[in-house]
Amino acid sequence: MPRIAYVNGRYVAHADACVHIEDRGYQFADGVYEVCEVARGYIVDAERHLDRLARSLSELQMAWPMHRSTLEIVMAEVVRRNGVKNGLIYLQVTRGVASRDFLFPADTKPSLVITAKKIAPAVNAKKAEHGIKVITVPENRWDRVDIKTVGLLPNVLAKEKAKAAGAQEAWFVDADGNVKEGGSSNAWIVTKDGVLVTRPAEHGILRGITRTTLFEVAAKLGLKIEERGFSVAEAKAAREAFISSATTIAMPVVAIDGAPVANGHPGSVVLSLREAFFDVAEKRLA
Ligand code: PDD
């Protein structure tokens, strides 16, 4: 089945899909995006992802590319046309095409691109079995990482650095030595007492949708969560560490900066969260 992309009103062959050279997403990273997991034929937590998209658009004074309910239909159609049962859907809205000028263009229609991709569940299951390694890097991003913009160059460089070190994610660390979040995920630890700890999302990190749903999963499992900062040293000494994102769900972290977390194997708490996730997450649309 050939891949199909939705680009500004048309379903086109993925290989031929393109946007204009003066799209502001391309020139200024003047755009926002969402990545949703597709699992067992459903788009996971679509409502929350679209709520966050609404917030991102509003923070950047950008218009919706179409009515929200129409967007939901197009998202489902992209998933359907690509035959995705498990994988992800990517949605990007930019301020549109305009002659290059820093100021917002008047009367420009936002651009909308949606793609979907199959990913075999076994790929992530295998990763979760072994866990991933992370490195830490100093925070060097702008102050508004709570907005999910396509301006991700520091994240790209940090993740590239992780790869060079044999790791799969980089954790940004603030000036006080506290972990903020990963290049494309939120960061968590489990204390010796079995309490989940993750940084508050009011400022300085992206409020991950998976993170939000994991609060409900934890409640269902009777696990306590503390929203507070934690240092790299605390993470290294923790009982467990893990990351969360739409593409990884809850994924064990088994080493930080080359040092094993606990016995260097995935912990039982993160695996139980992972297991229970789909019983709790919203499944709809496709
Ligand atoms: N990234 N923090 C950052 C910086 C992220 O880029 C992401 C997601 C998250 C987790 O958010 P969520 O649970 O809503 O996926 C946290 C996506 C997956 C990406 O850019 O591919």
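What the table below lists for this structure:
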quantity: Top-ranked residue of region 252-282 - restricted to ones that are in contact with a Pro (Cβ under 9 Å, 6 or more places away or on another chain) and aliphatic (A, V, I, L, M), ranked as most open to solvent (accessible area, probe 1.4 Å); calculated: LEU271
quantity: Per-region count, region 228-238, residues in contact with a Ser or Thr (Cβ under 6 Å, 6 or more places away or on another chain) and farther than 14 Å from ASP257 by Cα; calculated: 0
quantity: Qualifying positions in region 172-182 - acidic (Asp, Glu) and more than 8 Å from the ligand (Cβ to nearest atom); calculated: ASP174, ASP176
quantity: Residue count for region 92-104, restricted to those that are part of a loop (DSSP other than H, G, I, E, B) and either without any contact (Cβ under 8 Å) to a residue 12 or more places away in the chain or within 10 Å of GLU22 (Cβ to Cβ) (or both); calculated: 6
quantity: Contacts under 6 angstrom Cβ, first residue in region 154-167 being farther than 22 Å from ASP143 by Cα, partner open to solvent by less than 70 Å² (accessible area, probe 1.4 Å), 6 or more apart; calculated: ALA162/ILE135; ALA162/GLU169; ALA162/ALA170; ALA165/ILE135; ALA167/VAL134; ALA167/ILE135
quantity: Of residues in region 36-77 being at positive phi and either modelled with pLDDT under 95 or of a type outside the set (S, T, N, Q) (or both), the one nearest to the ligand (Cβ to nearest atom); calculated: ASP45
quantity: Answer from GLU139, GLU160, GLU169 - the residue that is open to solvent by 70 Å² or more (accessible area, probe 1.4 Å), assigned by TED's automatic domain parsing to the domain that holds ALA241 and acidic (Asp, Glu); calculated: GLU160
quantity: Top-ranked residue of region 183-196 - restricted to ones that are away from the ligand (no atom under 16 Å from the Cβ) and touching a residue at least 40 places away in the same chain (Cβ under 8 Å), ranked as surrounded by the fewest Cβ atoms within 10 Å (Cβ to Cβ); calculated: LYS192
quantity: Hits in region 120-171 (condition: touching a strand residue (DSSP E or B) at 6+ places or on another chain (Cβ under 7 Å), within 21 Å of VAL269 (Cβ to Cβ) and more than 15 Å from the ligand (Cβ to nearest atom)); calculated: ALA128, GLY131, LYS133
quantity: Residue within region 80-87 that is closer than 22 Å to ARG211 by Cα and part of a loop (DSSP other than H, G, I, E, B) present; calculated: yes
quantity: Selection count where residues are under 14 Å from the mean Cα position of the chain (by Cα) and open to solvent by 40 Å² or more (accessible area, probe 1.4 Å), scope region 4-56; calculated: 1
quantity: Residue that is open to solvent by 30 Å² or more (accessible area, probe 1.4 Å), within 16 Å of the ligand (Cβ to nearest atom) and of a type in the set (Lys, Arg), where the choices are ARG211, ARG228, ARG239, ARG199; calculated: ARG199
quantity: Set LYS133, LYS180: member being open to solvent by 20 Å² or more (accessible area, probe 1.4 Å), in contact (Cβ under 8 Å) with a residue 60 or more places away in the chain, under 30 Å from VAL280 (Cβ atoms) and part of a strand (DSSP E or B); calculated: LYS133
quantity: Residue list for region 251-262, restricted to those being in a strand (DSSP E or B) and closer than 13 Å to HIS130 by Cα; calculated: MET251, PRO252, VAL253, VAL254, ALA255, PRO260
quantity: Selection within region 105-130 - closer than 30 Å to PRO260 by Cα, open to solvent by 100 Å² or more (accessible area, probe 1.4 Å) and in contact (Cβ under 8 Å) with a residue 24 or more places away in the chain; calculated: GLU129, HIS130
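Residue-by-condition table, conditions (1) farther than 30 Å from SER231 by Cα; (2) modelled with pLDDT of 95 or more; (3) not acidic (Asp, Glu):
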position: LEU91; (1), (2), (3): yes, yes, yes
position: PRO110; (1), (2), (3): yes, yes, yes
position: VAL113; (1), (2), (3): yes, yes, yes
position: LYS126; (1), (2), (3): no, yes, yes
position: ASN140; (1), (2), (3): no, yes, yes
position: ASP143; (1), (2), (3): no, yes, no
position: VAL156; (1), (2), (3): no, yes, yes
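The values are calculated or read from the model by the stated rules, or taken from the named source; none is laboratory data. Treat the numbers as computed from the prediction; the structure is a model and nothing was measured. When we count neighbours, we look across all protein chains shown, and the Cβ atoms used for this are built from the backbone with ideal geometry, even at glycine. Keep in mind that these areas ignore ligands, DNA and RNA; they rest on the heavy atoms of the full protein, side chains included. Shrake-Rupley method; radii C 1.70, N 1.55, O 1.52, S 1.80 Å.
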